[in-house]
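A quick write-up on the structure given underneath.
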Amino acid sequence: MTSSRLFTAAMMLFWIATSALIALMCTWAPRGGMSLFGLSAFAGSPVIESFDAALVAIGLSARGAHFVYTLIAATNVIAAGLLIFAMMFMLLGLEQEQREARPMVEGAAAASALTALVVMAISLAGGHAGPLMALQLVVLAGHLATLRSLADVPLVTDASRAADAELADIVARHAESHAAFSAQTASISRSEPRP
């Protein structure tokens, strides 16, 4: 496995985690946070305060704000899910599956672009451009960078897999013949008459 393939997979993993955290934050922060095993997370998150102010400034109702946060969370989950499958196809798939990884990353970038567009439109219309908009634009840039780096990753073709299997077979046969020769040599040395 090439280092460029591992680097791209690590980049995908980072953006998967980032998109998932944004989705969790947009799901739980408007509800006052999430409590799990006595720990409180996303309560009073400063990341969404300015976005809340923008929602209020454009006159969106509580139901409308809930819909917007659900849309942001859903598109981030879709982006993360597509990146997970793209990473698995790229690392573990055959040649055809590796080719299908690119459209999945393109889909993740499209979902991220839709989210960034919604967040940016609301933030600018409400006059409160804040951390959520910046974070979503960074995620979009990350997905585009992942897409760009995926173009440089060479495919592991079926022919190269077959060549690797053939090389492993040659090495195994050579080791087997060497072991047989060593055993014959040891047998001959034991059976030689001693003076």
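Only the coordinates and a few stated rules stand behind these numbers; no lab work does. What you see is a predicted model, and the numbers here were worked out from it, not measured in a lab. For neighbour counting, all protein chains shown are included, and Cβ atoms are generated from backbone atoms with ideal geometry for every residue, glycine included.
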Response to the item:
Per the 1/(1 + (r/R0)^6) rule, R0 = 22 Å and r from the Cβ atoms of Ala62 and Leu124, FRET efficiency to 0.05 is 0.50
Practice prompt. May I ask you to compute the full-extension gain from Ile170 to Glu95, defined as 0.36 nm times their residue separation minus their alpha-carbon distance, rounded to one decimal in nm?
Written response: 24.6 nm
Discussion item. Treating only the Cα positions of segment 5-156 as identical point scatterers, give the base-10 log of I(q)/I(0) from the Debye formula at each q in 0.21 Å⁻¹.
Written reply: -1.18
Worksheet item: Which three extents, in whole angstrom, do the alpha-carbon atoms of segment 1-63 cover along their principal axes, largest first?
Response: 52, 34, 19
